[in-house]
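The next block holds one structure in the form of structure tokens; read it before the comments.
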């Protein structure tokens with residue numbers, strides 16, 4: 001294992017996983033950025049812009065089959081020929097009416113959810129981010145940024161609210177500009193670990209990364225005065241190696257947090273509601289008008305906020321909708337199969353009747 005690959009998170013497990021690609025004569029590298037011109041990969045010797053070629057491109061049925069930032073890949077020159085199986089993957093439902101998945105980051109160890117304490121603070125959106133994190137298999141960490149823009153009472157109240165809706169998830173309140181809380185944040189991370197930053201534009205992700213790096217890795221912009229929302233200073237996903245050895249994956253700001261999760265993922269993110277449901281009189285309680293419903297009783301007496309219960313029901317519907325749509329990879333494979341069948345039929349008809357049939 002070379003020292004330069006080790007700084008990118010390469011370890012003995014990755015080396016074993018890469019053994020089949022090494023036997024094919026491929027070179028290991030990690031995708032550190034993605035843009036329209038291709039994928040920027042870093043190897044033991046250099047950085048190079050690569051394209052997807054060979055069998056990998058032919059076998060890719062959905063966008064998530066292609067390389068993503070954070071992936072370990074097998075390279076032949078400037079062609080990516082293989083993707084090493086991912087450990088954890090942060091996925092959301094792509095924006096728009098079409099049901100499709102979008103990979104935000106691959107092989108991430110921590111999902112850092114950054115939310116600023118200004119008018120963009122939104123607990124319901126935060127709950128969606130936490131669900132995305134749990135579904136990825138990575139450990140979530142919540143950062144409440146820009147505490148210098150809030151009073152001590154506001155910070156305390158928001159901390160209490162976040163800890164209530166995201167039980168068990170570490171929360172750090174900080175101000176990157178003022179240098180407050182950075183050491184508390186660093187205590188959660190370790191060298192060689194990959195951390196993906198998610199949050200709305202203007203939440204302070206880029207400023208925080210710059211403060212951790214000790215230099216301006218990412219250009220920042222002032223937030224808009226009329227709504228406290230930021231401009232998209234980050235336009236591509238990119239992986240940064242910081243002086244302390246962490247790997248930070250920065251992503252463009254996300255406004256639409258579409259989930260790509262199963263019903264089990266939803267229940268795990270709403271464990272408090274699941275615990276209440278276990279106390280219902282009927283095992284098949286729908287938490288509507290049934291007698292002895294512990295969930296509705298908690299809503300009525302204020303122990304469970306109505307907004308949190310409503311979001312839980314909404315996310316249940318979204319996950320059920322995804323389940324009804326089925327596996328997009330299976331759908332793509334079926335379309336490809338029928339295209340092959342149709343081509344075969346057309347070729348046979350041409351041979352039998354000629355092209356002018």
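The values are calculated or read from the model by the stated rules, or taken from the named source; none is laboratory data. Bear in mind the structure is a predicted one, so any value in this text is a computation, not a measurement. Note: ideal-geometry Cβ built from the backbone for every residue, glycine included; neighbour counts use all protein chains shown.
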Quiz prompt | Complete set of residues in the range 171-196 that are surrounded by 23 or more Cβ atoms within 10 Å (Cβ to Cβ) and within 26 Å of residue 87 (Cα to Cα) | solution = 194, 195, 196
Quiz prompt | Given (1) at pLDDT 85 or above; (2) at negative phi; (3) surrounded by fewer than 24 Cβ atoms within 10 Å (Cβ to Cβ), index of the condition residue 94 fails | solution = (1)
Self-check item: Where a residue in the range 38-56 is on the phi > 0 side of the Ramachandran plot and its partner, wherever it lies, is buried (at least 18 other Cβ atoms within 10 Å of the Cβ) and part of a strand (DSSP E or B), with Cβ under 7 Å and at least six apart
Solution: 38/50; 54/81
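Okay, residues lined up against (1) exposed (fewer than 12 other Cβ atoms within 10 Å of the Cβ); (2) closer than 18 Å to residue 251 by Cβ:
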{"position": "21", "(1), (2)": "no, no"}
{"position": "31", "(1), (2)": "no, yes"}
{"position": "37", "(1), (2)": "yes, no"}
{"position": "41", "(1), (2)": "no, no"}
{"position": "45", "(1), (2)": "yes, no"}
{"position": "53", "(1), (2)": "no, no"}
{"position": "57", "(1), (2)": "no, no"}
Quiz item: Residues 155, 162, 73, 103: which one is closer than 30 Å to residue 10 by Cβ and at pLDDT 90 or above?
Solution: 73
Practice problem: Just give me the residues in the range 277-315 being assigned to a helix (DSSP H, G or I), more than 22 Å from residue 128 (Cα to Cα) and in contact with a helix residue (DSSP H, G or I) (Cβ under 6 Å, 6 or more places away or on another chain), in sequence order. | Solution: 294
Quiz item: Out of all the residues in the range 118-139, which are surrounded by fewer than 23 Cβ atoms within 10 Å (Cβ to Cβ) and in a loop (DSSP other than H, G, I, E, B)?
Solution: 118, 119, 120, 121, 122, 137
Exercise. Could you please give the count of residues in the range 143-162 that are touching a residue at least 12 places away in the same chain (Cβ under 8 Å) and surrounded by fewer than 24 Cβ atoms within 10 Å (Cβ to Cβ)?
Key: 10
Quiz item: List, please: which pairs have Cβ atoms under 8 Å, are six or more places apart or on different chains, and start with a residue in the range 181-192 that is over 17 Å from residue 241 (Cα atoms) and not assigned by TED's automatic domain parsing to the domain that holds residue 110 and end with one that is modelled with pLDDT of 95 or more and surrounded by 13 or more Cβ atoms within 10 Å (Cβ to Cβ)?
Solution: none
Quiz item: Out of (1) free of Cβ contacts under 8 Å to residues at least 40 places away in the same chain; (2) closer than 30 Å to residue 41 by Cβ; (3) in a strand (DSSP E or B), the odd one out for residue 86 is which?
Solution: (3)
